[in-house]
Amino acid sequence: MTILTAVLAMGGLGLLLGLALALASKYLSVGQDANIPLVTEALPGANCGACGYAGCAALAGAIVEGSAVTGACPVGGTSTAERVAEIMGVPAQPVAENVAVVMCRGTLDASKKKYIYEGLSDCEVVAGLSGGDKVCRFGCLGLGNCVRVCRFGALTVTDGVAAVDPDKCTACGICLAACPKSLIRMVPKANVYSVRCASHDKGADMKDICLVGCIACRICEKACEYGAIAVSSNIAVIDYAKCTNCGACAEKCPKKIIYCKTQGKGV
Amino acid sequence: MLKELFILSVSAIFIENFVLVKFLGICPFLGVSKKTETAVGMGMAVTFVMGLASVMTWLLNTYVLLPFGLEYLQTIGFILVIAALVQLVEMFLQKMLPSLYNALGIYLPLITTNCAVLGVALLNIQKEYNLLMSLVYGVTAALGFMLALVLFAGVREHLEDADIPEFLQGMPIALITAGLIAMAFLGFSGLKI
């Protein structure tokens, strides 16, 4: 008799709780779109946050909901956008692929220093000491804050200047915020030429500061047939929408600071 | 009555701290104590579940087990109720309070069968507390758990930067620290209230 009561009580309790859970799972279920896990799968899964969402799963939710476009992942690029569009059953949109570029080539031999820095290997720290150890206020400090934040191993510091490996760069944009000098910019992958100087110092001053600094001579402006490069605030700036990759500016530049991505890795 | 509840609370939080004196709930104590933030999240989830579990198990014991003379089934019955309860709470939160679910979400399933939760349910019965006292004991014991967890997490965060001999790095130093904190908590046992 005791055994029977025990079995009945426990069995009944289990049954009751089981029923309650079954009912709860029916009435309290949160409708999750079946596409969300599929889209999450198609995304790179780096959870880097470059899209502006908390991670790949959050972006997948936004894409399925319709608040984000299928090509919202800057890391995955065209191939990911195509797969996501396929899952969502919409035509794929072209993705403007970008790549990060360090706007400074002021290596140890090219750029003068105003003091010798010995201390924490951190760009923020040296940037706080009268703007860094380089005479140029705008130049790369070369202590690799960007290298440390890059999850894809695309950045390296050689000769005191950071450089991006365009093959490894996924344009996630995390390094942009890490640079105290804001030297890393996003440029369209399709454009191979970029001006690798960010100095707004006057041309006459620049001659004494750095061998590879823009002297605002405007030769590139004259060389460009398409009006795609212009000097403003003492620095040449390429309008990537107009640039045709002809390379005339790079050829004429007396300081050779307009670099071509495809010639030599990591510059 | 109020005085009694106060004494119960102080003793549950400090004198008979679940983790450091009774050694219950050691698994999350070591597992979820790397960051103060997660320690607080886990502590909140445990407080929530332990308060609820205290009430539910007390009701089960008083209205089901005692009348049928089935006290020897306490452990299995309590596990059953607690496990179902946590599942139910998780579903309820996900549907009704998604923000709270996102904050506690990952910790809830972790404490389904945590021994601290079962421990508080059994202790309530052993000490013959009434319903209100059970609830208060459940919540304050969990607050004691949270206190221990947050203290420990704070120490561990500092240990990250400390220069620790290689053979002590990681778990060994964490266990030594836990032991030292437990010894410090022994001091409360001299407290007279």
field: Separation of the residue A:115 and residue B:110 label points, Cα + 7 Å toward Cβ, nm
entry: 4.6 nm
message: Order B:163, A:122, A:109 by their accessible area, 1.4 angstrom probe, all chains in place, largest first.
response: B:163, A:109, A:122
D (Stokes-Einstein, µm²/s), Kirkwood Cα radius, the stretch A:96-157, 1.567 mPa s at 4 °C: 102 µm²/s
message: What is the distance in Å between the Cα centroid of the stretch A:10-61 and that of the stretch B:1-74?
response: 29 Å
query: Amide H neighbours of residue A:140 under 5 Å, counting only residues 5+ apart in sequence or on other chains, H built in-plane at 1.01 Å?
result: A:106
message: Probe radius 1.4 Å, ligands and nucleic acids left out: which of B:15, A:116 has the largest accessible area, and how do the rest follow?
response: A:116, B:15
Residue-by-residue Karplus 3J(HN,Hα) for the stretch A:186-196, coefficients 6.51, -1.76, 1.60, Hz, glycine and proline x: 9, 10, x, 4, 5, 8, 8, 9, 8, 7, 9
field: Volume of the Cα convex hull of the stretch B:131-171, divided per residue and given in Å³
entry: 54 Å³
task: Give the Rg/Rh ratio for the stretch B:58-113, taking Rg as the radius of gyration of the Cα atoms and Rh as the Kirkwood radius, to two decimals.
output: 1.14
- prompt: log10 I(q)/I(0), Debye, Cα-only the stretch B:78-140, no solvent, q = 0.24 Å⁻¹?
  reply: -1.01
- line: Per the Cα gyration tensor, the stretch B:144-193 corresponds to an equivalent ellipsoid with semi-axes, largest first in Å, of 25, 12, 8
task: Compute for chains A and B the buried accessible surface, both sides summed, probe 1.4 Å, and express it in Å² to the nearest 100.
output: 1300 Å²
message: Quick check: at a probe of 1.4 Å, how many percent of the accessible area of chain B sits on carbon and sulfur atoms?
response: 69 percent
- request: Note the direction-averaged projected area, equal to a quarter of the hull surface, for the Cα convex hull of the stretch A:115-267, in nm².
  value: 9.0 nm²
query: When N is the residue count of the protein assembly as shown, what does its C-alpha Rg come to as a fraction of 2.2 N^0.38 Å?
result: 1.41
Compactness of chain A as Cα Rg over 2.2 N^0.38 Å, two decimals: 1.48
message: Quick check: Cα centre of the stretch B:128-146 to Cα centre of the stretch B:164-193, how many Å?
response: 25 Å
- request: Please determine, in degrees from 0 to 90 and to the nearest 10, the orientation of helix A:77-88 with respect to the longest principal axis defined by the Cα atoms of chain A, where the helix direction is its Cα long axis.
  value: 30 degrees
- request: For chain A, with all protein chains present and a 1.4 Å probe, just round the carbon and sulfur fraction of the accessible area to a whole percent.
  value: 58 percent
- prompt: Can you give the accessible area per residue of the protein assembly as shown, in Å², using a 1.4 Å probe?
  reply: 51 Å²
Residues of type aspartates and glutamates that residue A:168 reaches as a straight line, Cα spacing below 16 Å, ignoring anything fewer than 8 places off in the same chain: A:97
query: Which value, in Å² and to the nearest 10, is the accessible area of residue B:177 when all protein chains are kept and the probe is 1.4 Å?
result: 20 Å²
task: Would you mind getting the Kirkwood hydrodynamic radius of the stretch A:169-242 from its Cα pairs, rounded to one decimal in Å?
output: 13.7 Å
task: Above 17 angstrom, tally the Cα pairs of the stretch A:72-191 and express them as a % of all pairs, no decimals.
output: 58 percent
- request: Using only Cα atoms, locate the centre of the stretch A:142-221 and the centre of the stretch A:103-129, then give the distance between them in Å, rounded to an integer.
  value: 14 Å
query: Using modelled amide H (1.01 Å from N, peptide plane; none on Pro or chain starts), what sits under 5 Å from the amide H of residue A:113, excluding residues fewer than 5 places away?
result: A:135
field: Mean Cα-pair separation over length for chain A, i.e. relative contact order, pairs under 8 Å, 6 or more apart, %
entry: 15 percent
- prompt: So how compact is chain B: Cα radius of gyration and Dmax in angstrom?
  reply: 17.6, 60
- request: Among the trypsin sites (Lys or Arg not before Pro) in the stretch B:127-193, which ones are in a DSSP loop with at most 16 other Cβ atoms within 10 Å of the Cβ? Mind listing them?
  value: B:127, B:192
field: Global geometry of the stretch B:93-193, whether rounded, prolate or oblate, following the gyration tensor of its Cα atoms and the 1.5 cut on a/c
entry: oblate
message: Show me the three semi-axes of the equivalent ellipsoid for the stretch A:1-156, from the C-alpha gyration tensor (sqrt of 5 times each eigenvalue), largest first, rounded to whole Å.
response: 56, 26, 11
- line: Once B:70, B:24, B:110 are ranked on solvent-accessible area with the largest value leading and a 1.4 Å probe, the list reads B:110, B:24, B:70
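The values are calculated or read from the model by the stated rules, or taken from the named source; none is laboratory data. As the structure is a computational prediction, the values presented were derived from the model and not from experiment. Neighbour counts are summed over all protein chains in view; Cβ atoms, including those assigned to glycine, are modelled from backbone coordinates with ideal geometry. Protein only, heavy atoms only, side chains kept; ligands, DNA and RNA dropped before computing areas. Shrake-Rupley method; radii C 1.70, N 1.55, O 1.52, S 1.80 Å.
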